[in-house]
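Remarks on the structure that follows.
The values are calculated or read from the model by the stated rules, or taken from the named source; none is laboratory data. Just so it is clear, the model here is predicted, and its values are computed rather than measured. We place every Cβ from the backbone using ideal geometry, glycine too, and count neighbours over all the protein chains shown.
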Amino acid sequence: MSTSAKLPRWAELFLLPAINLLVALLLAGVVIKAMGESPWAALKLMTGGAFGSQESIGYTLYYATNFIFTGLAVAVAYHAGLFNIGAEGQAYIGGLGVGLVCLWLGAWPFWLVLPLAILAGAVFGAAWAFIPAWLQARRGSHIVITTIMFNFIAAAVMTWLLVNVLIKPGQQSPESREFAPNAFMPALHELLAKVGITFTSTPLNLAFVLALLAAVLVWLLVWRTRWGYAMRVAGLNPAAAVYAGIHPPRVTIWAMLLSGALAGSLGLNELMGSQHRILLDFPGGAGFVGIAVALMGRNHPLGIFLAAVLFGALTQGGSQLSFDMPRINRDMVVVIQGLVILSCGALENIFRSPLAALLAKFSQRKDEA
Amino acid sequence: MNRDAAAPALELRGIDKRFGPVHANRAVSFSAARGSIHGIIGENGAGKSTLMNIVYGLHRADAGEIRVQGRTVAISSPQDAIAAGIGMVHQHFLLVENFTVLENIVLGAEGGRRLADGLGAARTGLEQLARDYGLEVPLDAIVSELPVGLQQRVEILKALYRGADILILDEPTAVLTPQEADQLFKMLERLRSQGKTVLLVTHKLREIMAVTDRVTVMRQGAIVGAVATRDTSPRELAEKMVGRAVLLNVERGPAKPGATLLTVRDLEVRDRLGVARVKGVSFTLQAGEIVGIAGVAGNGQSELLEALAGIRAPSRGEIELGGRHLVREGLDARARRRLGLAHVPEDRLRMGVVAGFSAQDNAILGYHDLPAYQHGLLLDRAAVLAGCEKKMSAYDVRPPNPALRIASFSGGNQQKLVLAREIDSDPRVLLIGQPTRGVDIGAIEFIHRQLVALRDAGKALLLVSVELEEILGLADRILVMSAGEIVGEIASADATEKKVGLMMAGVKGEGHA
């Protein structure tokens, strides 16, 4: 018998993540109680802070956009049997590509800048992923190790570039000059205003739509094309891939290029859409959150969307919480996020077998009745 | 332990075990007398292994009772089983390959504060044991340097050294030549005469008939028959196992070999460490014949098959198919498939299917980039589904549900789908490794008939199997491999199990090619 219990599809996709989330919230509640605050009030504050108003929804989805890109990046690599821990670094270098296009060609019309920025982000991100991919495919260097290392290299390279090369002359803070307004990603409230819908001003921008588009394209590619098929075969059973005439090293390289390109698109939202300049550490850990998002979303674009919104809500609701409950600071919010990751990732198999046994018992009873 | 002399050595009462929705053992009861060899036979998935794992403490029964020498025992771990006098020899040996025989036997029962004390005491005890049971093994040899038959003997000694009175052997002959198997049976008879009880788990009827006193037949988790071996016949046992009448031998006319389709010349294949596993093999394959490659597992057949299929690169030699030089042109598995070289791999779950995929996704493995399955840039899911449905109905794959995960099908039905996939591509040459490994008897009959029909349709088939009976029953020509070389060729009309068995053991001669 296999070690991991089989669950029905609906339970695998919805029930199990819901149980994991519930457990995480319960644990967080215990921590909040221990700090002398009411868990119930905290939960209300968080959900209100994340979804209570147009403004909070805008912020939640703005954060979610980053997580969709990095979550998809991790998922694509996962389907090829690779654990890409380097989305953070790929997003950082990809953002450099986006930023350079915006800095140099910002005077061009937006509809020319946008495709070039998308392309540059993808190419820079993919290039950063290519080196670990090549090392894995040709030299067998483990991709988990190399991609982690490449996060540090990316951070060092970007710090050097921002401090020595890209810094706006005559200022202290290590960031580039602001992009020309032509290179700003249109905010969603501006676009909605054009069709007569009023929406509060938030950083939510066109990149959110691009992220959704990317999710659909990833779904099509992975499940509906022969390349996606080859990728999944190589990921699930490399020996069967070789038997079928698929070359796993080649798949490794292509999947990592795609993964890096997706991570590299984070700059479209963060830099083009909101910061309008290149600045230090702009991915802000989204590459790592992407791992949790992919894990919780079962590496499926729909699941990744839902998980990204959840983590967007945790980020946005969390800052609301630390604002309104002085005893709970930013670090506490990170603890809550950590508990969600812990219960969805590390602990998911704790509930899997009992749940499978329970469901089997129910279905058995139904059969006998 | 206080022993009741009249009680059976091992008695199971109402053993019941479920794995989720799978009912692996249904109220199984049987008993094995002291000083007897008791066969347990059944198809794959009949619950034999589960039952034995329960007796040895690897699984826990949901209900039921295990009695040893008339006393109820609670067995929840192999330690408990060993304490109750039960030993088990697994199909895949659990030996530390770079330890000596002595170190392996003592492992886990070292005794003494210093290792040397325990080893010294063990050596004396083992020499006694080996004399008593005729199980001589060089105690100081490194295990990896011993032939497989001797490694198995080490496993048996290990169990006896721990005081086993009841010995479970799980498919013990899978890795042995027929002669080695006969030696094993002699050894088991010696154990029986010394009052030990042997449980022999197998799916080979020949072994049951050769050596057991009683036989228990299992089907779908339940016992469907328990008889004295002398009162039964292979045919009756096969029918009990399958639940209906079966044909043990496929009828086939004489082969009509035609043009040469595949030529292999001086092929050498090395493994990752650079050791030659196939040493300069040459042969040809003609249209309309089945050529069988006989040999004990691990003598280079797997490497040969993989080199032919384009999975492993040979270090020397050439393979010619339809005027093309596959090695020189560097054609990979995909390119060879397009030239009409289909391949049913030996290890289905490792290579032939992707366990996490549905049946329909597995039905296009290796053929996923055929134009027939494309719809612009996307895969044509409707064509994939229709293709799978067609294969399922033509090859009687049950249940005929293309969306079901392949892992949920029985071994026989998985194999039928793999076979359907490869034959459906209308190949000129079909390479088949272990066509009936892990396949139930009912499906074996079907698969063998398909292979003969393919031969009669003018295809060339290369059959690699460690089941000698299968080779003898299907092949028109038999090549015998030993230590990476073809040590002999024999026409199937002249072949007997004894002759081929001797060649498998590396004795050259017998109409050498």
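Return yes or no: is B:VAL227 modelled with pLDDT of 85 or more and assigned to a strand (DSSP E or B)? In short, yes. Count of region B:320-357 residues, restricted to those that are surrounded by 22 or more Cβ atoms within 10 Å (Cβ to Cβ) and more than 9 Å from chain A (Cβ to nearest Cβ), is 6.
The residues listed here are B:ILE37, B:ILE82; of these, the one that is away from chain A (no Cβ under 14 Å) and under 23 Å from B:ARG219 (Cβ atoms) is B:ILE37. Residues in region B:192-233 that are among the acidic types (Asp, Glu) and either in contact (Cβ under 8 Å) with a residue 60 or more places away in the chain or touching a Cys at 6+ places or on another chain (Cβ under 6 Å) (or both): how many? Of the residues in that region, 2 qualify.
A:ALA308: in a helix (DSSP H, G or I) and more than 14 Å from chain B (Cβ to nearest Cβ), yes or no?
Against the criterion (in a helix (DSSP H, G or I) and more than 14 Å from chain B (Cβ to nearest Cβ)), A:ALA308 qualifies.
Considering only region B:387-396, I want to know if a residue exists there that is aliphatic (A, V, I, L, M) and under 25 Å from B:ARG334 (Cβ atoms). Looking for residues that are aliphatic (A, V, I, L, M) and under 25 Å from B:ARG334 (Cβ atoms), one finds at least one in region B:387-396, hence yes.
B:TYR367 meets each of the listed conditions (1) within 14 Å of chain A (Cβ to nearest Cβ); (2) closer than 21 Å to A:TYR243 by Cα; (3) in contact with a strand residue (DSSP E or B) (Cβ under 9 Å, 6 or more places away or on another chain) apart from (3).
Per-residue answers, yes or no, for (1) surrounded by 24 or more Cβ atoms within 10 Å (Cβ to Cβ); (2) out of contact with any Leu (no Cβ under 6 Å at 6 or more places or on another chain); (3) touching a residue at least 60 places away in the same chain (Cβ under 8 Å); (4) within 13 Å of chain B (Cβ to nearest Cβ):
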{"site": "A:TRP223", "(1), (2), (3), (4)": "no, yes, no, yes"}
{"site": "A:MET231", "(1), (2), (3), (4)": "yes, yes, yes, yes"}
{"site": "A:PRO249", "(1), (2), (3), (4)": "no, yes, yes, yes"}
{"site": "A:ALA261", "(1), (2), (3), (4)": "yes, yes, yes, no"}
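The set of residues from region B:378-406 being hydrophobic (A, V, I, L, M, F, W, C) and touching a Phe, Trp or Tyr at 6+ places or on another chain (Cβ under 9 Å) comprises B:LEU379, B:ALA383, B:VAL384, B:VAL397, B:ILE406. Yes or no: B:ARG34 surrounded by 16 or more Cβ atoms within 10 Å (Cβ to Cβ) and either outside the structural domain of B:ARG214 (by TED's automatic domain parsing) or more than 22 Å from the chain's Cα centre (by Cα) (or both)? Taking the combined requirement at face value, the residue satisfies it. So A:THR47 ticks every box in (1) touching a residue at least 12 places away in the same chain (Cβ under 8 Å); (2) over 19 Å from A:ARG330 (Cβ atoms) but one. Which box is left unticked? Going through (1) touching a residue at least 12 places away in the same chain (Cβ under 8 Å); (2) over 19 Å from A:ARG330 (Cβ atoms) one by one, A:THR47 breaks only (2).
All conditions in (1) closer than 23 Å to B:LYS416 by Cα; (2) without any contact (Cβ under 8 Å) to a residue 24 or more places away in the chain hold for B:ASP332, with the sole exception of (1).
Within region A:181-209, count every residue that is in a helix (DSSP H, G or I), touching a strand residue (DSSP E or B) at 6+ places or on another chain (Cβ under 9 Å) and surrounded by fewer than 16 Cβ atoms within 10 Å (Cβ to Cβ). The qualifying residues number 2. Residues in region B:121-171 that are β-branched (Val, Ile, Thr) and in contact with a Leu (Cβ under 7 Å, 6 or more places away or on another chain) were compared, and the one that is surrounded by the fewest Cβ atoms within 10 Å (Cβ to Cβ) is B:VAL148. Screening region B:271-358 for strands (runs of 3 or more DSSP E) wholly inside it with 2 or more residues that are over 21 Å from the mean Cα position of the chain (by Cα) and among the hydrophobic types (A, V, I, L, M, F, W, C) returns the ranges B:276-286, B:316-321, B:341-344.
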